[in-house]
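The values are calculated or read from the model by the stated rules, or taken from the named source; none is laboratory data. Nothing here was measured: the structure is a model prediction, and the numbers come from that model. Note that we place each Cβ from the backbone using ideal geometry, even for glycine, and neighbour counts take in every protein chain shown. Side chains are part of the model used for accessible areas, which takes the heavy atoms of the whole protein and leaves out ligands, DNA and RNA. Shrake-Rupley method; radii C 1.70, N 1.55, O 1.52, S 1.80 Å.
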Amino acid sequence: MKQRLVLLVSLLVVMGLLLAACGTPKQQATQAPKPAATEAAAQPTKAAQPTQAPQPTEAPKEVQPAKEIVFYNWSEYIDPKVYELFEKETGIKVVEDNFSSNEELLAKLQGGATGYALIVPSDYTVKIMIDQGMLAPLDRDKIPNLKNIAPRFRNVYYDPGNKYCVPYQWGTTGIGYLSDKVKKPESWSVFFDPDPNAPWYGRMTMLDDAREAFAAALVYLGYDINTTDEKQLEEAKQALIRAKAALSGYDSDTYEDLLASGENLIAHGWNGDFLQAMEDNENIAYTIPKEGGVIWVDNVCIPASATPEQKVAAEMFLNFILRPDIGAMISEYNYYATPNKAAEAKLDADFLNDPSVYPPKDVLDKLQFIKPVGKAESLYQRMWDEVKAAP
Ligand code: SPD
């Protein structure tokens, strides 16, 4: 019996030692080694990296120019021969579509119109369009002829450094008249204080252009042409309504032809348009009234909506029109002054000395630029609609 008890105790001691050596199942799980996958993720070896097929070094593909582009422009603003020469040289056809005012151009693009590769906004409209992200920045390397732009047109407030647009032509807004039928209108009063007995009563036109029409009325009243003062604008509106009775209509596209034909005697308009019409009627004359007028710079820009192909073709066209010979050809056709210094060197002295194209200092001092007026833009538009709706 004593022997059996010793054997049992020895057996229990051996089992206890064995259990102590193996540990409990719980202890085993805690001390288990990390799975191989976890280790591999923590420290990837070369062999674990995905294998890459050797890449052939490819040059980025050059965007090919569109074969045809649409140029949204003012009417009669470019010699059609420019398109012919450009197509001959590059194979790219330029199709022209026209607008009559900056507001029409702006509204069209804001309304989502696409397909245009080139547009021609004036200074203040360029600023509005840049601020609204509506223009594509120019790739200057593609337009080396930008060097021909005269220094004073480079750092303009509306597009410093010509980042978005190429200055195209500049000019003034004043009064054209038939010098054989009418004495020179010295004041804007010819419109805003019209004489019902004058032969030109009912035979005058004003530009169909809200900012230009208000500028004429505001300058006549002695106000800033960019005023946002509602009272001053109301006065200008009343002046425009008074003028309306003496007009045969509002017109921005054919007013110079209506003068040349003798149908009208006086017109509010842009200098170059009157000078062009002198080819048909040598009695057309142009003047800036004593109160002053508007000075402007039109610019060729690429809308942000242009496709890469249209943009490449548009930049080729911009470089082309900046050539001295083409720049001179454009001014010889439309009679507007060029911001292209190299083109100027190719123009006749008669043109460069014409005070209707290049106003003398005393006249320049009386001219103002139309500027963006921010929220008041809609006020101008509302008042212009009221003028148009007035009997
Ligand atoms: N026939 C082309 C006339 C271009 C005039 N653009 C000038 C706009 C100034 N507000």
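What to note about this one:
- Sites GLU309 and ALA198 - FRET efficiency at Förster radius 41 Å, r taken between beta-carbons, to 0.05: 0.15
- Considering only VAL387, PRO372, LEU233, the residue lying farthest towards the positive end of the dipole of the chain is PRO372, judged by Cα position with unit charges set on Cβ.
- By average C-beta atoms within 10 angstrom, highest first, the peptides 225-235, 182-192: 182-192, 225-235
- Whole-percent carbon and sulfur share, accessible surface of the chain, 1.4 Å: 55 percent
- Projecting the Cα atoms of TYR77, ILE92, SER122 onto the dipole axis of the range 62-134, where Lys and Arg carry +1 and Asp and Glu carry -1 at the beta carbon, places ILE92 farthest toward the positive end.
- Value of Rg/Rh across the range 97-226 [Cα atoms, Kirkwood radius]: 1.06
- Seen from ALA136, the other residues with C-beta closer than 14 Å to its C-beta sum to a net charge of 0, counting Lys and Arg as +1 and Asp and Glu as -1.
- Tensor-based shape of the range 200-251 (alpha-carbon gyration tensor, a/c under 1.5 rounded, otherwise prolate or oblate): prolate
- Pairwise centroid distance, computed over Cα atoms, of the range 190-226 with the range 332-390, Å: 16 Å
- Environment charge of ASP224, counting only residues whose C-beta is closer than 14 Å and scoring Lys/Arg +1, Asp/Glu -1: 0
- Cross-link pairs LYS81/LYS311; LYS127/LYS147; LYS108/LYS341; LYS67/LYS147 - those with Cα-Cα distance over 24 Å: LYS108/LYS341; LYS67/LYS147
- For the chain, the longest principal axis of the C-alpha atoms and the axis of helix 377-389 are separated by about 40°.
- Our analysis of the chain gives Rg over Rh at 1.48, with the two radii drawn from alpha carbon positions and Rh computed by the Kirkwood formula.
- In the chain, the DSSP-assigned H stretches of four residues or longer account for a calculated mean residue ellipticity at 222 nm of -11500 deg cm²/dmol, using -39500 (n - 2.57) per stretch and the full residue count as denominator.
- Using only the C-alpha atoms, the convex hull of the range 158-252 corresponds to 128 Å³ per residue.
- Paramagnetic label zone (point 7 Å from Cα along Cα-to-C-beta, SER261; backbone N under 16 Å) in the range 281-298: 281
- Note on the chain: with charges restricted to the Cβ of Lys and Arg (+1) and Asp and Glu (-1), its dipole about the Cα centre is near 3520 debye.
- Taking other residues whose beta carbon is less than 15 angstrom from the beta carbon of ASP325, and scoring Lys, Arg as +1 and Asp, Glu as -1, yields -1.
- Projected label points at ASP365 and SER75, each 7 Å from Cα along the beta carbon direction, are separated by 3.8 nanometres.
- Cross-link partners of LYS183 among lysines (Cα-Cα below 29 Å; sequence separation of 8 or more within a chain): LYS237, LYS244, LYS290, LYS361, LYS366, LYS388
- Cα-centre dipole for the range 193-352 with unit charges at Cβ (Lys and Arg positive, Asp and Glu negative), debye to 20: 320 debye
- When peptides 171-177, 247-253 are sorted by average Cβ neighbour count within 10 Å, with the highest value leading, the order is 171-177, 247-253.
- Cα→Cβ-extended label distance, 7 Å offset, between ASP180 and ALA59, nm: 6.3 nm
- Based on protein heavy atoms only, the chain ends up with 52 Å² per residue of surface accessible to a 1.4 Å probe.
- Among beta bridges from DSSP that stay inside the chain, the antiparallel ones total about 60%.
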